[in-house]
Amino acid sequence: CAACPPGLVASGGAISCQYCPKGSFADVESSACQQCPAGFTTDAASARSSDECLCPAGTYLSVLQGACAPCPGYMECRIGSSMTEFLSGRGGAMQLREGYMSRLEAPGEVYKCMAVGACPGGGPGSCGALRDPA
């Protein structure tokens, strides 16, 4: 019998390989899927390594806590959000909500805009039409 590839397992004597469910992974030839650490999940079934364990939507990876933390009210956190990525200026899965902005030079300093339309949200340095991000 051939071994199942990463992300799949042959459990309970099954003849065919089965996907590991969302929130688990199989990185080696195994008969059981391994659960992601508490508070983490995967984007889809059939994850191949623990590297695919991410913070779920509505949370972000806090470097200080080493765990997933609730998303601040002025942010939108999609699956895989990371404060480190946001503070690097890339934005990524973690974005500011409409009505808030931060500068590229200091992405951790978030400001509430007086006129919501002036700040479309998004990554650091995002500004509305005819606005200066400085």
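A few points about this structure:
- Hull volume per residue, based on the alpha-carbon atoms of the chain and their convex hull, is 114 Å³.
- Rolling a 1.4 angstrom probe over the protein heavy atoms with all chains in place gives the chain an accessible area of 59 Å² per residue.
- Of the accessible area of the stretch 59-118, computed with a 1.4 Å probe over protein heavy atoms only, carbon and sulfur atoms account for 57 percent.
- Size of electric dipole in the chain: Cβ of Lys, Arg +1 and of Asp, Glu -1, about Cα centre, debye, nearest 20: 280
- Options A106, Y19, S88, ranked by Cα towards positive dipole end of the chain, top entry (Cβ charges): A106
The values are calculated or read from the model by the stated rules, or taken from the named source; none is laboratory data. Since this is a predicted model, take the numbers as computed values, not measurements. No Cβ is skipped: glycine too gets one built from the backbone with ideal geometry, and neighbour counts run over all protein chains shown. Protein only, heavy atoms only, side chains kept; ligands, DNA and RNA dropped before computing areas. Shrake-Rupley method; radii C 1.70, N 1.55, O 1.52, S 1.80 Å.
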